[in-house]
1. Assign unit charges at the C-beta atoms only (+1 for Lys and Arg, -1 for Asp and Glu), then state the dipole size of the stretch 66-210 relative to its Cα centre in Debye, rounded to the nearest 20.
2. Near Lys54, which aspartates and glutamates are there with a Cα under 12 Å away, not counting those fewer than 8 places off in the same chain?
3. Counting only DSSP beta bridges with both residues in the stretch 66-210, what percent are antiparallel, rounded to the nearest 5?
4. Assuming R0 = 30 Å, can you tell me the calculated FRET efficiency for the pair Glu192 and Lys54, based on Cβ-Cβ distance, to the nearest 0.05?
5. With +1 on the Cβ of every Lys and Arg and -1 on the Cβ of every Asp and Glu, and nothing else charged, how large is the dipole of the stretch 174-215 about its Cα centre, in debye rounded to the nearest 20?
6. On a full-extension model of 0.36 nm per residue, what is the gain between Asp129 and Glu149, subtracting their alpha-carbon distance, rounded to one decimal in nm?
7. Compute the length gained on full extension between Asn101 and Ala116: take 0.36 nm times their separation in residues and subtract their Cα-Cα distance, giving the result in nm to one decimal.
8. Looking at Ser189, Phe150, Gln137, which one has the Cα that reaches farthest to the positive end of the dipole of the stretch 94-211 (charges on Cβ: Lys, Arg +1; Asp, Glu -1)?
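None of the figures in this text is laboratory data; all of them are computed from the coordinates on show. Computed from a predicted structure; not experimentally measured. Cβ coordinates were reconstructed from backbone atoms using ideal geometry, including for glycine residues, and neighbour counts include every protein chain displayed.
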Amino acid sequence: MKKVNLAQVALSRGLLENGRTIPLERFQMAHLRTVLALSLLLFPLGCGPSAPPKVLQVGDKAPSFSLMDASGHWFKSSDVQPGYYLALFFYRGSWCGACENWLLDLRRDVPQFTAAHVAVAAVSVDPVDDSAIFNNQWRFPFPLLSDGEFHLIDAYGFRDPKGGHHGEDISRVGVVVVDPQGVVRYVRSAKEAYNHPKDDEVLFEIKQMQAGVPKGGAS
């Protein structure tokens, strides 16, 4: 059987037998076992791609968050006044005419939300600069939050892949309501902007919650 002088290599791998060379086939087999062992260490069996993050549903604990508003200030979920609900209105972007009309309706209806002890914020992937221009145009009485990293958008399963004006990922329109205990109580979204949840629907659901009526859902 053909042999090769692999003393230095064999020594470094612990394959030298009593100072003698070893058969090539035995060296190759030992090398293969070493490679397989390393492969199992680096890539354990059964470890495929990580599972997608869990999409929050009604009854789940809402995540805490901190997002920048159109003024460049950080808005934190912990900033919500104790005893208040938090209603998050997700919109496609300032370029979306249907979303603009929706937020203008919300501007009109904010006093009703405030009277019901509900804090309101709007969320999109728009950069802060774009939100600032949008806000300067309409002077919204609620923060426009920038979620360009999709922290909240993905948490509630609202991402719309390539749905943007230029084919970029954006948020679908939708509303999430979190109660004063930090529990998700209402989730609604729609693929088309004109099918967004109506303000009176959201207010009705919140008043039902406050009255103790166990109602709410996801779509």
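1. On the way: 13 positive and 20 negative charges, 60 e Å.
In total the dipole reaches around 280 debye.
2. Asp154
3. Working: 17 of 26 bridges.
So the antiparallel bridges in the stretch 66-210 amount to around 65 percent.
4. On the way: r = 26 Å, r/R0 = 0.86.
Using R0 = 30 Å, I get an efficiency of 0.70.
5. Values: 6 positive and 6 negative charges, 24 e Å.
Dipole of the stretch 174-215, to the nearest 20 debye: 120 debye.
6. Numbers: separation 20, 0.36 × 20 = 7.20 nm, distance 1.55 nm.
Separation in residues times 0.36 nm, less the Cα-Cα distance, equals 5.7 nm.
7. Numbers: separation 15, 0.36 × 15 = 5.40 nm, distance 2.27 nm.
This chain segment gains 3.1 nm when fully extended.
8. In the stretch 94-211, that residue is Ser189.
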